[in-house]
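The values are calculated or read from the model by the stated rules, or taken from the named source; none is laboratory data. For clarity, every value in this text was computed on a predicted model and none was experimentally measured. Here the Cβ is made from the backbone with ideal geometry for all residues, glycine too, and neighbour counts use every protein chain on show. Just so you know, the surface numbers come from the protein's heavy atoms only, side chains and all, with ligands and any DNA or RNA stripped out. Shrake-Rupley method; radii C 1.70, N 1.55, O 1.52, S 1.80 Å.
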Amino acid sequence: MARTTGSSTWWVMSSTTSTEVETAAQVAHPLQRAERLLGEGRIRYVHPDCGFWMLKRPIADAKIAALVHGRDLYEGGASH
């Protein structure tokens with residue numbers, strides 16, 4: 001899902017309304033799609049939504065880890 005505010009466009013990579021933890025591929029795929037739409041080099045930041053505070057800590061931690069691994073997959077790097 002994409003939404004625009006001012007000059008920024010935001011893509012939701014990880015749902016804060018679900019306790020299901022996304023895979024690295026589920027995070028990387030929307031990043032790849034966004035890059036195709038926006039152009040190479042236009043994605044500068046991949047960061048969590050502020051809604052993670054509503055999730056239990058272990059779930060939020062796992063979702064943040066998935067976000068990191070998905071970003072690494074998108075960038076072509078190795079996930080740890």
Inset, instruction - Residues being more than 13 Å from the chain's Cα centre (by Cα) and open to solvent by less than 60 Å² (accessible area, probe 1.4 Å): count how many of those fall in region 17-34. - result: 1
Inset, instruction - Report yes if K56 is open to solvent by 50 Å² or more (accessible area, probe 1.4 Å) and modelled with pLDDT of 90 or more, otherwise no. - result: yes
Inset, instruction - Quick one: which residue in E40, E22 is modelled with pLDDT of 90 or more and in a loop (DSSP other than H, G, I, E, B)? - result: E22
Legend entry - Candidate set from region 59-80 (those that are open to solvent by 50 Å² or more (accessible area, probe 1.4 Å) and over 10 Å from the mean Cα position of the chain (by Cα)); member that is nearest to V21 (Cα to Cα): D61
Inset, instruction - Can you work out which of the residues in region 44-53 that are in contact with a helix residue (DSSP H, G or I) (Cβ under 6 Å, 6 or more places away or on another chain) and either crowded, with 17+ Cβ neighbours inside 10 Å or in a loop (DSSP other than H, G, I, E, B) (or both) is modelled with the lowest pLDDT? - result: P48
